Amino acid sequence: MLEADDLIRFALIRDTTSSTQRYLAITVHHAIVDATSLTYIFDDVVNIYSGGQHHITRPKFNAFIQQIDMDAADDFWSRPVNEASSSQFPSLPDKEFKLLASSHLMRSFRAAWGILLSLRSHNTDVSFAATLSGRSAFGGIIKNMAGPTITAVPIRHNFDDDEVTMGRYLQQIRQQAIDMMPYEHYGSLNVRRHHGDLGIWATDFQNLLLVQMDSENTMRETLSKIGIARVEGVGLPFEYGFALVKECTTSDNSYQVCLWYDPRILTEQSVDILAAQLSTIHNYAMSTHRLQYPQFVVSLNWIVLRHKAGTNLNQKLNTNSPCHV
């Protein structure tokens, strides 16, 4: 989709090799829908097409925008911006380098990701970007809204307190997520605009944590009700503007993790190691709530060394092979 193109386009294409086959092509800009809202749109289309009588009254997007208290959000985000002293992982070759463009599960992966970044960057104060659905704000009243609520927020974890247990650390992450809900839609762009160089530096992330529901299967099941089947392998892959992305896709009974990376910055071997370490951290952190953080790190280092003989830790986390963009 180019800059001057329409934000949403539909086309019905006839298959020249078949008298009955038709293709429905839909092109939508991410600025007006996210994956969740697209599933809602398809739900409504199928309901109307099938003559359904129970149409869902969805919240209005413009009303949602007007509910955001920008002054309160500015005050909320000013604290982590002004106090930030974290380093970045992975580090870029130079400043001019240009990159290519379930709540419990989210918290557990957020914890593991923060610990991994702290260990790899040798810094007790780490920051990363995390993508959220944005549908928990305002008491969940926007849960069924057919509009883009997906948002990326800066996350800071500090490991300076040696007395904090892993259980307490997980509780802090939970509370951080709750406190952030009313201000999730403030946006990194506003942080940069309102806080100058500090805002730019505090949001100059090289890695992203993305936890999302498997919306593709939901859309596939919805469209199958009116005889539409998705054509696999069509379209270009999504490009992330980060050196390293941890993408976790969840469904009802499982989850799948993929580490996307820029091969100009990280090698496949180094990402394999990251995947193994991430798996170990995630599994171990969820079962050692009483350990204080320094004890956890010592135990974790021992476990990683013990598994260097060749155990495939990726399988425990159900990860894909590392992917590059």
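The values are calculated or read from the model by the stated rules, or taken from the named source; none is laboratory data. Small disclaimer: the values here were computed from a predicted structure and weren't measured. Don't worry about glycine lacking a Cβ; one is built from the backbone with ideal geometry, like all the others, and counts go over all protein chains shown.
Values computed for the structure shown
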quantity	calculated
Number of the condition not met by Asp160 [criteria: (1) more than 23 Å from Gln256 (Cα to Cα); (2) modelled with pLDDT of 85 or more; (3) of a type in the set (D, E, K, R)]	(2)
Residue among Ala31, Ala25, Ala63, Ala72 that is within 30 Å of Arg192 (Cβ to Cβ), surrounded by fewer than 13 Cβ atoms within 10 Å (Cβ to Cβ), at pLDDT 80 or above and among the small types (Gly, Ala, Ser)	Ala72
Index of the failed condition, Gly114 passing every other in (1) surrounded by fewer than 18 Cβ atoms within 10 Å (Cβ to Cβ); (2) at pLDDT 80 or above	(1)
Residue within the range 215-238 that is outside any helix (DSSP H, G or I), touching a strand residue (DSSP E or B) at 6+ places or on another chain (Cβ under 6 Å) and surrounded by 13 or more Cβ atoms within 10 Å (Cβ to Cβ) present	no
Hits in the range 154-205 - residues which are touching a helix residue (DSSP H, G or I) at 6+ places or on another chain (Cβ under 8 Å), over 18 Å from Met106 (Cα atoms) and surrounded by fewer than 18 Cβ atoms within 10 Å (Cβ to Cβ)	Asp161, Asp162, Val164, Thr165, Asn190, Arg193, His194, Leu198, Ile200
Unmet criterion (only one of (1) at pLDDT 75 or above; (2) surrounded by 11 or more Cβ atoms within 10 Å (Cβ to Cβ); (3) within 30 Å of Tyr183 (Cβ to Cβ); (4) of a type outside the set (Val, Ile, Thr)) for Tyr49	(3)
Contacts under 6 angstrom Cβ, first residue in the range 171-183 being under 13 Å from Ala130 (Cβ atoms), partner hydrophobic (A, V, I, L, M, F, W, C) and assigned to a helix (DSSP H, G or I), 6 or more apart	Ile173/Ala111
Identity of the residue in the range 107-165, in a strand (DSSP E or B) and touching a His at 6+ places or on another chain (Cβ under 7 Å), that ends up farthest from Ile65 (Cα to Cα)	Thr165
